[in-house]
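Notes to accompany the following structure.
The values are calculated or read from the model by the stated rules, or taken from the named source; none is laboratory data. Remember, it's a predicted structure, so these values are computed and weren't measured experimentally. Ideal geometry is used to build each Cβ from the backbone, glycine not excepted, and the neighbour counts take in all protein chains shown.
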Amino acid sequence: MKSVTSIIVSGVFWAGLSFAQTKEEQLQASALQESSEKFLLLRATTPLNKTSMPDPAFQQVLKGVEQLRFTVAQWDVNSQETMNWCLGATEEAQIKAGEVTTKNQGRVTVEAIKKRCSELVTHSFEASHACVQKADTKGRLLWECSVTARVTLKKYKATVDAEGKVSFVIDPAFGDGGTKTFWSAGTSSATDQISAINGAAFTARLWLERKVRDIDYFQLRSPIVEHKKATSYFCLSKEIVELDTPFHVLMPTEEGVKKVGFVKARKLYDGCTLMPRLEEAQKKGEKVELRPSEAQDIIGSGKIQAGMTMWEMPSVGLNVGAGVATMPFDWPDLGPGFEIAVEYNLARHIGISEFHVASHLKFGVYPTTGQQFFRNKRAPVFQGEWGFIKRWYVRRVFFDLGIFFAHSQALQKVITSSGEEEFEWKPYAIGGTGQLSLGVQLSPRWIWRLTGGGRIGTNLFDTAPKDIGIVGGMDFLYNF
């Protein structure tokens, strides 16, 4: 269970700041002291695959709704299974809160039932896809696919009548009369149809995840039970929190609740309380790590204290940005370029913190006129890099180490089979890039980064540059 010291620290912190608040502000402050529990997410209908989309792609999109933060089941709202969940979840919540009987069982009260069992939502989900095969300028066939998903959520609240009977009714405070409906879509192209569908499905999943996480009812929150050495300790377990989940740190003031810091979940354990199901797991010989999870302070570490609240910042781990970069050709030839950068954090998928798949797309002009491959002209050039980045934070400052496959193309004038002239992007070099970056977390959403490194490449034509030289750049990225 939570230590008595942690509970006292939290209580004193919030009580000491509530004396100047209105009743509504005190109620908000009280809500901030509560840790999130998993919502029960019921399938109101069987998820509908309208166009016989390949099942792996369909399940990928469905994960955008059925996230780790939910307990997913296909029961009727007023079924016995739902009632069993309600009573069991209420007892667990009471045990975590320290409200127990002499037999150390959770004290199930009417108010506790109304509170915990109101964390119930249903969803109706449908998804479809469409694909078209097209030929590019070289006659190569490409599949262009789109995936669209539609979700309707309905939230319920628990009521208890005079005879103690529990029932569930629509919660009108949620969305429009208890209902929210939204769409998500993704597109992708590839030489084979399955890859194009999977790419579109993954994009649709990300936007669907973000829309669900934008709903404040579902955002994770937890009081900080201890704070030391730039680490915030909290009692949410790995059953509900994903690795690298970002959180704002909140505290109440006379002007209302303020954001004072920013942290990310780094080490996840089984929580602070030995629940009956964890005891059963221990008896079966399963590993149970009963300790607070850990979040690394990124911003505001000097202001963060035990008793403050971590509140999830909605994110899907996608960073997108732009900046300036150097483009290597034949050493020592370098050219300036414009760069678009995209990163996706794989931490929740592979269990390695701040491990990103990334791409850099650089656009510029070959800097001299003395290159036969470019017909002695300043030709437009595209250099792409695709690879992986590992990032380490020290408060706001971070370091990146990256390795990439590099590919270069130039815009060339060619003669078609019909004798006409046209421009096309023509590959001229491939290679590998290594980079080291230094950056700063400017705000919870924005980062700034300065990058340096080198590229080793080889040309695809004798007259083309090999793209050997220094790479560098500076960019800003925004987290979605």
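At-a-glance table
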read-out	value
Residue count, the stretch 325-335 (criterion: among the aliphatic types (A, V, I, L, M) and surrounded by fewer than 18 Cβ atoms within 10 Å (Cβ to Cβ))	1
Failed criterion for S118 (all others in (1) part of a loop (DSSP other than H, G, I, E, B); (2) more than 31 Å from the chain's Cα centre (by Cα) hold)	(2)
Test: residue in the stretch 61-72 that is modelled with pLDDT under 95, farther than 22 Å from T159 by Cβ and acidic (D, E)	no
Matching residues, the stretch 413-467, being modelled with pLDDT of 95 or more, over 30 Å from P314 (Cβ atoms) and hydroxyl-bearing (S, T, Y)	T433
In the stretch 59-115, the residues that are part of a strand (DSSP E or B) and among the polar types (S, T, N, Q)	T71
Selected residue [surrounded by fewer than 16 Cβ atoms within 10 Å (Cβ to Cβ) and small (G, A, S)] from A135, A112, A97	A135
Residue match in the stretch 73-84 (condition: in contact with a helix residue (DSSP H, G or I) (Cβ under 8 Å, 6 or more places away or on another chain), buried (at least 16 other Cβ atoms within 10 Å of the Cβ) and at pLDDT 95 or above)	yes
Criterion (touching a helix residue (DSSP H, G or I) at 6+ places or on another chain (Cβ under 7 Å), among the aliphatic types (A, V, I, L, M) and in a strand (DSSP E or B)) met by exactly one of A429, A406, A410	A410
Single condition I194 does not satisfy, out of (1) closer than 19 Å to C131 by Cα; (2) assigned to a strand (DSSP E or B); (3) not small (G, A, S)	(2)
Residue match in the stretch 175-198 (condition: surrounded by fewer than 18 Cβ atoms within 10 Å (Cβ to Cβ) and over 28 Å from L48 (Cβ atoms))	yes
Scope the stretch 111-160; condition in contact with a Leu (Cβ under 9 Å, 6 or more places away or on another chain), among the small types (G, A, S), touching a residue at least 12 places away in the same chain (Cβ under 8 Å) and farther than 18 Å from K63 by Cα; matching residues	A158
Qualifying residues in the stretch 176-219 (those that are over 15 Å from L153 (Cβ atoms) and among the β-branched types (V, I, T)) - the one modelled with the lowest pLDDT	T191
E242 vs. criteria charged (D, E, K, R) and loosely packed, with under 15 Cβ neighbours inside 10 Å	no
Search result, residues across the stretch 285-324 that are among the β-branched types (V, I, T), within 17 Å of L442 (Cβ to Cβ) and surrounded by fewer than 19 Cβ atoms within 10 Å (Cβ to Cβ)	V320
Subset of the stretch 122-142 that is over 21 Å from L206 (Cα atoms) and assigned to a strand (DSSP E or B) - its residue that is modelled with the lowest pLDDT	A135
Yes/no for R277 being closer than 19 Å to K96 by Cβ and either touching a residue at least 40 places away in the same chain (Cβ under 8 Å) or assigned by TED's automatic domain parsing to the domain that holds F234 (or both)	yes
Qualifying residue in the stretch 147-156 (condition: in contact with a helix residue (DSSP H, G or I) (Cβ under 9 Å, 6 or more places away or on another chain), small (G, A, S) and either over 16 Å from S195 (Cβ atoms) or surrounded by 15 or more Cβ atoms within 10 Å (Cβ to Cβ) (or both))	yes
